[in-house]
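Asker: So that we are looking at the same thing, I have put the structure below in structure tokens.
The values are calculated or read from the model by the stated rules, or taken from the named source; none is laboratory data. Nothing here was measured: the structure is a model prediction, and the numbers come from that model. All Cβ positions, even for glycine, are placed from backbone atoms using ideal geometry, and neighbour counts span all protein chains on display. Heads up: the accessible areas ignore ligands, DNA and RNA and are worked out on the full protein's heavy atoms, side chains in. Shrake-Rupley method; radii C 1.70, N 1.55, O 1.52, S 1.80 Å.
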Amino acid sequence: MRKLFLVVTILFTASVILQLYFAAVGVFSNPEDELFAWHGTNGRIVLPILALLLIVTAALARAGKRTIWLSVLPLVLILFQTVLFILTGVIFGLDESSHADPPLAATLFLGLHAVNGAAILLLGVLLVVRARRLVREGAPTKPAVAADDAPAAVPSA
């Protein structure tokens, strides 16, 4: 299970790197090509699924309390990415028609989307490091059997 946790952390981190690439492709492409949709699809479907798998595999790998709770943070930050857009709309009164000329304050506030993305990437890298350490350590050791708990010796005939 620890190797599976490592694989999922690597896939998650690679997907976050692709997310940054898809954002750049979308921003620097012709809007008619709709290439920015790759960024949206990866962020709304692939990353949340991998983030859920991070939590499950960390728990199954018995990665330790801190690592398991750390594996929850990417999902929380991914959800915050969407909440950030909702908050911007509510705070600045934006709707679909006001994307052409948003106020400067709304643009600066939405800049946190990139900062949050960087935090998600850093968490992914940190989880890869922790998962690699777990794989190197090997399987968790079983506690030694106490003398009182040891099975009774069967007398030989």
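Asker: Can you put Val72, Val8, Val56 in order of accessible area, largest first, using a 1.4 Å probe?
Answerer: If we order Val72, Val8, Val56 from most to least accessible, we get Val56, Val72, Val8.
Asker: What distance in nm lies between label points placed 7 Å from Cα along the C-beta direction at Val90 and Ile45?
Answerer: So the two model labels end up 2.8 nm from each other.
Asker: DSSP loop trypsin sites (Lys or Arg not before Pro) in the stretch 31-105 with at most 16 other Cβ atoms within 10 Å of their Cβ, which ones?
Answerer: Qualifying residues, ordered by number: Arg62.
Asker: Taking a ≥ b ≥ c as the square roots of the Cα gyration tensor eigenvalues, with a/c under 1.5 meaning rounded and otherwise prolate when a/b beats b/c, else oblate, which class fits the stretch 6-72?
Answerer: Verdict is prolate for the stretch 6-72.
Asker: Oh, and also: With Rg and the Kirkwood Rh both taken from Cα atoms, where does Rg over Rh land for the chain?
Answerer: Over the Cα atoms of the chain, Rg/Rh equals 1.24.
Asker: Here is a follow-up. Taking only C-alpha pairs under 8 Å that are 6+ residues apart, what is the relative contact order of the chain in percent?
Answerer: Relative contact order for the chain comes out at 33 percent.
Asker: When only C-alpha pairs under 8 Å and at least 6 residues apart count, what is the relative contact order of the stretch 1-63, in percent?
Answerer: 53 percent
Asker: Report, in debye and to the nearest 20, how large the dipole of the stretch 1-110 comes out about its Cα centre when Lys and Arg carry +1 and Asp and Glu carry -1 on their Cβ.
Answerer: 1120 debye
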